[in-house]
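The values are calculated or read from the model by the stated rules, or taken from the named source; none is laboratory data. Quick caveat: nothing in here was measured; it's all calculated off a predicted structure. Quick reminder, even Gly has a Cβ in these numbers, built from the backbone with ideal geometry, and neighbours come from all protein chains shown. To get the accessible areas, we keep the full protein, side chains included, count just its heavy atoms, and leave off ligands, DNA and RNA. Shrake-Rupley method; radii C 1.70, N 1.55, O 1.52, S 1.80 Å.
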Number of protein chains: 2
Amino acid sequence: MILPEPGSRCRGRCGESALTIWKAASIHQWRISRRKKDGTVSNGLPIDQILHGNCVEIMRSLPEGSVDLIFADPPYNLQLGGDLHRPDNSKVDAVDDAWDQIGDFDDYDLFSCGWLEEARRVLKDDGAIWTIGSYHNIFRVGTFLQDMGFWILNDVIWRKSNPMPNFRGTRFTNAHETLIWAAKHKDSKVTFNYQAMKALNDGVQMRSDWTLPICGGGERLKDSDGRKAHPTQKPESLLHRVILATSDPGQVILDPFFGTGTTGAVAKKLGRHFIGIEADEGYIEVARQRLAAIEPGKADAIAVTQSKRALPRIPFGALVEAGLIKPGDTLYCAQGRRTARVRADGSVSSGAEAGSIHQVGARVQSAPSCNGWTFWHVRRHGNLVPIDVLRTKIRAEMDA
Amino acid sequence: MILPEPGSRCRGRCGESALTIWKAASIHQWRISRRKKDGTVSNGLPIDQILHGNCVEIMRSLPEGSVDLIFADPPYNLQLGGDLHRPDNSKVDAVDDAWDQIGDFDDYDLFSCGWLEEARRVLKDDGAIWTIGSYHNIFRVGTFLQDMGFWILNDVIWRKSNPMPNFRGTRFTNAHETLIWAAKHKDSKVTFNYQAMKALNDGVQMRSDWTLPICGGGERLKDSDGRKAHPTQKPESLLHRVILATSDPGQVILDPFFGTGTTGAVAKKLGRHFIGIEADEGYIEVARQRLAAIEPGKADAIAVTQSKRALPRIPFGALVEAGLIKPGDTLYCAQGRRTARVRADGSVSSGAEAGSIHQVGARVQSAPSCNGWTFWHVRRHGNLVPIDVLRTKIRAEMDA
DNA sequence: GGCGTTTTTGAATCGCTGA
DNA sequence: ATCAGCGATTCAAAAACGC
C-alpha cells in the first residue's frame, strides 16, 4: 500500500491526499471476483442476500445509482493499549479483532476513501447514507463525506442508557456514539418520514439525540459457548429508527459491513429489501440463521403516519365543483373578523384583492405567505369549520 | 491565497493539503504587531486581559508551552440559504455575521490549521484543548486535531434542553453541539478532576453527554437596544463544567475566540486566570464590563472534592452549574441559625466540616442523617426558600 | 402586585412542482 | 435553468401582557 512519507508531523493531510492515493494505486490492484447469485435479483440487484467478500470489491460489481439507502458501521480503528481491567480485576472483553485494526490514520483514511467512494457510486442520486462511529474515526469519516460532495443532513447522537463505565476514572464515561445522515448531493430529495418520527416521539419533533439501550439480553446473539457472536452488535431499536425515518417500504438498503445482520433483520421486519456485505464467513452464518427466523413485515403493520406532502393535491376549486362550497359563500378567519367571498372558479376576493385562498389569506394578514386551507373557515351549523376538513372529505371520496 | 485546483470533485484533501499550504504561504505574510500591555503579566503571559486582534497573530506573540488549557469556540462557517420563517411567519434571526463566513471547505481548513497550530504551540506539554462546533465544522476540526498529534480524550455532547426546532419538518431537531477534549500529546498528563465531576453528577461518573439549557434569561447579554449582544453566547454552565473538570485554580486558560467573555467570566469565578483574544472591539467592550462586575472566586468556595465519599441522592451540583446557587453562597437552616457555604462542585462546608448537603446538614445537627434538600434554605428577596424549590426548577429543565 | 395567558426567540447548511 | 405558486411547518423558556 502506498502511503505518504512516514514520520511527518501531520499525518493524512500532508502531501498527497488519501483520496488521491486511493484512486491512483489501490483500487486497480483489486481483482473483481464473480460471485454466485443464490437469491432474488431485482433490477440487477442481488436483494435480500448476504454477499461474501471485501465490501469495496462487491460494491464495484453492483450497478451505479441503484440503492436507496446505505447504513454503514465500519471498523472504528480503536487504538487500544494493553488489557483493560475492571476495579474487581476482571478483564474487559475489548474489541481487539483483526478487522478493527486498520493501522494509523493514513491507512484508515485510505480504507475510508475506498468504501465511501464505492458506496457513493452505488447510491441513487436521491439516496442517503448513514454512518456510525466514535471519536476515534467519526471525524475522519465526516470530513471525507463532506469532501466527496455528500450533504450532511444531521449528525445524530446515540445516547446509551447503559454504557460501559470508565473504569480508570481518567475520562468522562464514553456514553454515546455519533451517526451522520447525509444525502448524496446537496440537492438530493431524500426520504424523511417526518410525521412518523414525530409520532414515535410522543407527538413532538424527533431530536438529534436518541436515548436507546445497548444491545443485550435476548437480542444479543451468542455462539455455542455462550460468548457474544459479534463484539459490536448494534441494537435493533437503533436501526428501526434509522430505517423507519429515512426509507420507504420496498426500497433497497445496503449495509457494506453487515456483521451479524442487524440492518437486514430490521429491514426485513419493516418490509424493506436489504443487501448485506460481510467479509467474515462466521458472521455470515450467524446472520443467515437470524434472518431465516424473521417473518417479513406485512403492509398494514409497517404503515406509518403520512406526511401531508405525500397526499394527492386537491385544488380549492374542486370543493366548489363538488358543491361543498357554493360561489358567493363567505370564508372567515378563525376569529371571524376577516372574510373573503368565493368565486365560481375557485378564486376568492376580499375587498380589492382577489386570487387563490393562499394569496388572499396572505394579503389580508400582511404576511409573506399563508396556508389558505388552515386559515380560512366556513360557517356550518353556526360553527366555523376549517376548509381543510372539506378537503379531507373530498380525498376520502377519491379513495373510495 | 493559494488553494487547490478549483472544481475538483474532492475538495480539501486533493493535491496539496491545507496544512501544507498554510505553512508555505499564509503565516509568513502576517505582521506581528506589538500590543500595549495594560494588565498583569505572569511568566511573560498577559493574564486576565482581553487582547484585541487576529487570534493567530496574537498567539504568535505568546511564549511557547505557556498556557494550561485552551477553550475555543471558532466560527462554524454556517452555509445558509435564503430567509427562514417560522410557521407563524415570523423571521428567524439567523447567524449571518461576516465573521462566520469563512468560505468553502478549503478556506475553512486553512483557517482551522492556522489557529490550531498556534494554539498547539502556546499550549503546555501537559495541557489540553477544548473545541466546540456543529456538524458543519466539527468533523474538520477533529480531523486536524488528530493529524496535528493532539490526542482526543473524549468527545462530549452538549444536549440542549431547549433547542430551536426544525421549522420546515425536513430534518431532526438540531438539538446538540459537539465538544472535543484533547491532550497536546498522547502521553500528556492532563488535569481531570474526576471526583469533582462525580460529585457534580449525583455521585456517579460524569458521562460524555451533558444536558444543559442554552444561554438565555438574565445571563444573555443585551445591547442598549435590547438585542442580543452576541449571536452565539455560550451558557456559563457549560464552561463551568469544562473548567472545573480539566483545570485547577490558578492555572491559565486561553480563549482565542473570546466573544463576550463567557470563558473569562467562569474562569474568574472559579479562581483561574484567563487570556482572551477577540477581533471585534464591540464584543471586547461588552466582555470588559461583564468581567469587571464579577467577584473572583475565593479558595474555599472553589475547592472541590478530592476523595471518595458517600453518594448524595440528588445532584445538588446541578443548581450550582445552572447559576441558581453560586459558589460561596450561604445556606441556612429554617431558623437561620445554622449556615453552610456552597462550593463549586456542589459540595458544601460548615466550619471544618465539608461534604454533601445531607452530610453537613446531619453534622451541624449532630443527627445521624438529614435530608439536605428540605433542611437547607437560600435567601431570596429577604425570605428563606428551601433549596428543594430550586431543584424542582432544575428537574423541569433536565426532564426536557 | 400577583397570577394566568400570550408573545417572543434561539449557531439553521430547513420544499416541491410545473410552466 | 428560472420563476412563481401551492401550501406544509415549531419546542421550550422567558418576557411581555392583561386582568
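Relative to the longest principal axis of the Cα atoms of chain A, the long axis of helix A:387-399 lies at roughly 70 degrees. Computing FRET efficiency as 1/(1 + (r/R0)^6) for A:THR191 and A:ASN371, where r is the C-beta to C-beta distance and R0 is 22 Å, gives about 0.40. Peptide A:132-140 is shielded by partner chain Cβ atoms: per residue, an average of 5 of them sit within 10 Å of its Cβ.
In the range B:83-106, comparing the full protein assembly with the chain on its own, the residues that lose 10 Å² or more of accessible surface at a 1.4 Å probe are B:HIS85, B:ASN89, B:PHE105.
Here, the protein assembly as shown has an Rg and a Dmax of 29.5, 87 Å when only alpha carbons are counted. Rolling a 1.4 Å probe across the protein heavy atoms gives the protein assembly as shown an accessible surface of 45 Å² per residue.
Compared with the dominant Cα axis of chain A, that is its longest principal axis, helix A:236-246 is turned about 50°.
The value of relative contact order for the range A:316-399, using C-alpha pairs under 8 Å at least six residues apart, is 23 percent. Taken across both chains, chains B and A shield about 5800 Å² of accessible surface from a 1.4 Å probe. Of A:ILE277, A:ILE180, A:ILE302, the residue with the greatest mean-square motion in the GNM of chain A, using alpha carbon springs below 10 Å, is A:ILE302. Close Lys pairs in the range A:110-203, defined as Cα atoms under 26 Å apart and 8 or more places apart or on different chains, number 7. Here is how far apart the B:LYS91 label points are across copies: 6.5 nm, shortest first, using a point 7 Å from Cα toward Cβ. Using a cutoff of 8 angstrom between alpha carbon atoms and counting only pairs six or more residues apart, the relative contact order for chain A works out to 13 percent. When the P(r) of the range A:316-399 is calculated, the portion above 20 Å amounts to 25% of the C-alpha pairs. Size descriptors for chain A, from the alpha-carbon set: Rg then Dmax equal 26.9, 84 Å. Each copy carries A:GLU321; placing its label point 7 Å along the C-beta direction from Cα gives inter-copy distances of 6.0 nm, listed from smallest up.
Let's test the formula: R0 of 45 Å, r as the Cβ-Cβ distance of B:ASN43 and B:SER349. What FRET efficiency results, to the nearest 0.05? Calculated value: 0.90. Among A:263-272, A:183-192, B:221-230, A:375-384, sorting by the average number of other beta carbon atoms lying within 10 angstrom of each residue, highest first, gives A:263-272, A:183-192, A:375-384, B:221-230. Computed over protein heavy atoms with a 1.4 Å probe, the carbon and sulfur contribution to the accessible area of the range A:58-207 reaches 46%. Charged neighbours of A:PHE257, selected by a Cβ distance under 9 Å, balance to -3 (K, R count +1; D, E count -1).
The Cα center of the range B:97-169 and the Cα center of the range A:150-177 differ in position by 18 Å. In chain A, the longest principal axis of the Cα atoms and the axis of helix A:281-292 are about 30 degrees apart.
Would you mind giving the mean number of other chain beta-carbons within 10 Å of the Cβ of each residue in A:208-214, as a whole number?
Averaged over the peptide's residues, the number is 4.
Atom-type composition of the exposed protein surface of the range A:316-399 places 46 percent of the accessible area on carbon and sulfur (1.4 angstrom probe). Between the range B:327-350 and the range A:308-350, what is the C-alpha centre distance in whole Å? Cα centres, the range B:327-350 to the range A:308-350: 66 Å. The modelled label-to-label distance between A:ARG220 and B:VAL389, using points 7 Å beyond Cα along the C-beta direction, is 4.7 nm.
Ignore the peptide's own chain and count Cβ atoms of other chains within 10 Å of each Cβ in A:176-187; give me the average, rounded. The partial results should precede the final answer.
Working: counts 10, 2, 7, 0, 2, 3, 1, 0, 0, 0, 1, 0.
Mean partner shielding for this stretch: 2.
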